[in-house]
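Laboratory data are not the source of any read-out in this text; all were calculated from the coordinates shown. On a predicted model such as this, the values are computed, not experimentally measured, just so you know. Glycine gets a Cβ as well: all are built from the backbone with ideal geometry, and neighbour counts include every protein chain shown.
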Amino acid sequence: GAVVSQHPSWVICKSGTSVKIECRSLDFQATTMFWYRQFPKQSLMLMATSNEGSKATYEQGVEKDKFLINHASLTLSTLTVTSAHPEDSSFYICSARDGTGVSHGYTFGSGTRLTVV
Amino acid sequence: GQNIDQPTEMTATEGAIVQINCTYQTSGFNGLFWYQQHAGEAPTFLSYNVLDGLEEKGRFSSFLSRSKGYSYLLLKELQMKDSASYLCADQAGTALIFGKGTTLSVSS
């Protein structure tokens with residue numbers, strides 16, 4: 001089945017530094033990927049939609065200059081949290097449209113736990 | 001826009017049946033999903049409804065009424081491992097938009 005590999009699974013960084021999170025589709029081409037953020041005991045909030053070869057579409061309230069998304073190939077999308085602060089500590093998870101019927105087209109990465117100290 | 005509502009918490013006992021409701025008000029409805037999520041893990045796909053009616057899949061079933069903007073997830077023969085968050089999600093456009101999730105606690 002379709003697999004999305006997300007890396008790293010967890011990261012601790014110092015306030016003011018940048019962190020890059022990668023999502024790779026392993027056995028399919030993902031023209032569209034989605035990035036979500038989840039705070040403790042809350043649901044997944046869509047941050048942006050990433051389209052291969054074009055600029056990402058950000059949801060209202062999400063700072064595009066802070067959360068840089070790059071989708072340079074059909075199998076890789078990256079989210080860079082720039083100048084991270086403690087309030088950016090969260091669970092970040094990506095999803096890709098896989099075009100299969102098993103999960104009706106959406107495959108999720110395993111998530112990245114970001115802690116900013 | 002999207003407005004997806006589901007109860008915050010529910011409790012039940014092993015072996016029981018529980019129904020988790022979800023109401024939605026969206027533009028451009030393309031399907032209703034249910035996911036299970038354990039803390040710190042990715043959500044796991046449970047069901048998808050695009051037509052009215054009941055979809056049964058083992059111990060889990062999902063129902064949809066498009067005219068009422070209503071869905072429910074029915075869990076039968078509850079087990080302790082079913083303790084998790086259950087997320088209702090609407091496919092509006094290309095992305096999935098999630099409700100706030102229902103935390104289900106199953107006790108013995």
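Computed from the Cβ-Cβ distance with R0 of 35 Å, the FRET efficiency linking residue B:66 to residue A:59 stands at 0.90.
Based on the mean of other beta carbon atoms within 10 Å per residue, what is the order of B:47-55, B:83-91, most packed first?
On the way: B:47-55: 14.2, B:83-91: 22.9.
Taking the mean over residues of other Cβ atoms within 10 Å, the ranking is B:83-91, B:47-55.
The orientation-averaged shadow of the Cα convex hull for chain B, equal to a quarter of the hull surface, comes to 6.3 nm².
About the Cα centre, and with charges only on the beta carbon of Lys, Arg (+1) and Asp, Glu (-1), how big is the dipole of region A:1-64? Nearest 20 debye, please.
Details: 7 positive and 5 negative charges, 52 e Å.
The calculation lands at about 240 debye.
If you plug the beta carbon distance of residue A:26 and residue B:81 into 1/(1 + (r/R0)^6) with R0 = 25 Å, you get a FRET efficiency near 0.35. Entry note, chain A: relative contact order of 37 percent, from Cα contacts under 8 Å with a spacing of 6+ residues.
Overall, the anisotropy analysis places region A:23-67 in the oblate class: the square-rooted eigenvalues a ≥ b ≥ c of its C-alpha gyration tensor yield a/c not less than 1.5, with a/b not exceeding b/c. For the residue pairs A:20/B:81; B:76/B:100; A:66/B:68, the alpha carbons lie more than 28 Å apart in A:20/B:81; A:66/B:68. Ranked for footprinting exposure by Cβ neighbours inside 10 Å, fewest first, A:47, A:33 give A:47, A:33. Treat the protein assembly as shown as a sphere of radius equal to its Kirkwood radius over Cα pairs and apply Stokes-Einstein at 37 °C in a medium of 0.692 mPa s; give the translational diffusion coefficient in µm²/s, rounded to a whole number. This corresponds to a translational diffusion coefficient of 182 µm²/s. Based on C-alpha pairs under 8 angstrom that are at least 6 apart in sequence, region B:1-65 has a relative contact order of 22 percent. Build a GNM of chain B with springs between Cα atoms under 10 Å apart, and of B:31, B:58, B:40 the one that fluctuates most is B:40. Taking a ≥ b ≥ c as the square roots of the Cα gyration tensor eigenvalues, chain A comes out prolate, since a/c reaches at least 1.5 and a/b is larger than b/c. Mean per-residue shielding of peptide B:9-21 is 0, counting Cβ atoms of other chains within 10 Å of each Cβ.
Cβ screening of chain A for cysteine pairs under 4.7 Å finds these without a partner: A:13.
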